[in-house]
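Just so you know, all these numbers are worked out from the coordinates, no wet-lab data involved. This structure is a prediction, so every number in the text was calculated from the model and none was measured. Positions of Cβ are backbone-derived with ideal geometry, glycine not excepted, and every protein chain shown enters the neighbour counts.
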Amino acid sequence: MTEREIEHLREACFTPLEKALFEFMFSTGCRIGEIVSLDKNRINWSNRSAIVLGKGDKEREVYFNIRCEIWLKRYLDLRQDKDPAIFVTERYPHRMSIGQMRYIIKRISNRAGINKEIHPHQLRHSYATHLLNNGAPIDVIQSLLGHEKSETTRIYAQLSGSIRREFYRKYF
């Protein structure tokens, strides 16, 4: 997704839950399953990170930005339940399912008016592409995404044409 589309999605988030979920997905690049199983006690506020359980039950540290921290804290401060999950359902709070998270992202997507249906995994792709376009080395992106093989990361992260042109002119 383009930066413009990301901003339209941001604007289409109405509730603290929507804002926190969208920002967490986009700024960490986590798989939806990693977010669903994440508990509040796995957040390290001092360095804006979380320990998630990835594929093959491998733990990895992911990081989030200040915007995400602000919305996550607002969302958590508003919650009155005792559920350990980072994200819970809006009614009768309990751990949100993958389907419920997908529904929230679809709801945001429909409001955004970008003529594109957005799925949570596209936020992960956009995260990787954003990092690459801003100069992050592919091995760092690979580590942040929790990929074992760099080929997998290359599928996720695609340099935009204008960025490729810039690099060509800079280095050739």
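Tabulated data
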{"quantity": "Two-site label geometry, TYR103 and ARG42: point separation in nm, points 7 Å out along Cα→Cβ", "calculated": "2.3 nm"}
{"quantity": "ASN115/ILE163 FRET efficiency (R0 30 Å; Cβ-Cβ; nearest 0.05)", "calculated": "0.80"}
{"quantity": "Under 18 Å from LYS55, Cα to Cα: lysines that are on another chain or at least 8 residues apart", "calculated": "LYS149"}
{"quantity": "For the stretch 3-171, the spread of Cα positions along each principal axis, largest first, Å", "calculated": "55, 37, 27"}
{"quantity": "Pairwise centroid distance, computed over Cα atoms, of the stretch 1-47 with the stretch 76-93, Å", "calculated": "16 Å"}
{"quantity": "R0 of 30 Å, Cβ-Cβ distance ARG60-HIS94: FRET efficiency to nearest 0.05", "calculated": "0.70"}
{"quantity": "Measure of compaction for the stretch 76-141 (Cα Rg per 2.2 N^0.38 Å)", "calculated": "1.45"}
